[in-house]
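Just so it is clear, none of the values below were taken in a lab; they were calculated from the coordinates. Keep in mind it's a predicted model, so treat the numbers as computed, not measured. So basically every Cβ, Gly included, is an ideal-geometry build from the backbone, and we count neighbours across all protein chains shown.
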Amino acid sequence: MEKYGHLAAAIRDVPDFPKPGILFKDITTLIGKAGLFAEVIDLLYERYKSSRIDLVAAIEARGYLFASALAYRLGAGLVPIRKPGKLPAETVSISYALEYGTDSVEMHKDAIKPGERVILLDDLLATGGTAAAACELIAGQGAELVGTAFVVELDFLAGRKRLAGYDVFSIVHFAGE
Ligand code: AMP
């Protein structure tokens, strides 16, 4: 069993969600257990506690579940990265390719100041398209992108290749479906 096998075991597989052929990794069964949720936040905190993080930037919506607890522990602020049309003030936006079509992510234009030390956090790294777009947004504001962090990484989708040049940290790895 891998090092964090007990965390992997707490993540529920939901076949064919949200569409046929996708094996959805459901982290609600992990965060529903107080001890396991705390362990995940503690592991993330240990990784970044000495990195002088100013901001945790997190991807809608499951990234937020971990980001607010982590930001609080790190003494950092929180920056929401959202799907188009959700943020009320002026935004910057990046589009990225999906298997069919495109999607985009947005962030408030004034959310990050040049030189601020930022980590990007999401629940899961799959193909890396979303995270790569978010990195582009953050770096585009002149921030220092200290690293990217994920609770789960689907190794077989090679998402970290899309994040070449950035530090990638993930806790639970799934080698195959
Ligand atoms: P990607 O851009 O392919 O790396 O997709 C990442 C985003 O989609 C993350 O925000 C994940 O929450 C979600 N996602 C993609 N694939 C899965 C999966 N198999 N199980 C759960 N969430 C997924």
| message | List the residues, sorted by chain then number, that are 5 or more residues from G77 or on another chain and whose placed amide H is less than 5 Å from its amide H. | response | L55, V56
| said: Can you tell me, using C-alpha contacts under 8 Å and at least 6 residues apart, the relative contact order of region 9-84 as a whole percent? | reply: 22
| Looking at region 29-115, which GluC sites (Glu not before Pro) are in a loop (DSSP not H, G, I, E or B) and have at most 14 other Cβ atoms within 10 Å? | E90, E99
| said: Suppose a student asked you for the relative contact order of region 51-174, using Cα pairs under 8 Å spaced at least 6 residues apart; what percent would you report? | reply: 24
| query | Going toward the positive end of the dipole of region 51-174, with +1 on Lys and Arg Cβ and -1 on Asp and Glu Cβ, which of G128, V168, P84 do you reach last? | reply | V168
| task | Can you figure out the FRET efficiency of L23 with K86, using R₀ = 41 Å and their beta-carbon distance, to the nearest 0.05? | result | 0.90
| If contacts are Cα pairs under 8 angstrom and at least 6 residues apart, what is the relative contact order of region 85-141 in percent? | 37
| remark: In deg cm²/dmol, rounded to the nearest 500, the helical mean residue ellipticity at 222 nm of the chain, built from -39500 (n - 2.57) for every DSSP H run of length 4 or more, is -8500 deg cm²/dmol
| Pair D13, S51: separation of 7 Å Cα→Cβ label points (nm) | 3.0
| remark: Check: C-alpha center region 46-60 vs C-alpha center region 87-148, spacing in Å is 14
| said: Sorting check: for 148-154, 129-135, 65-71, which peptide has the highest mean count of neighbouring beta carbons within 10 Å, and how do the rest follow? | reply: 148-154, 129-135, 65-71
| task | Could you give the size of the charge dipole of the chain about its Cα centre, using +1 on the Cβ of each K and R and -1 on the Cβ of each D and E, expressed in debye and rounded to the nearest 20? | result | 240
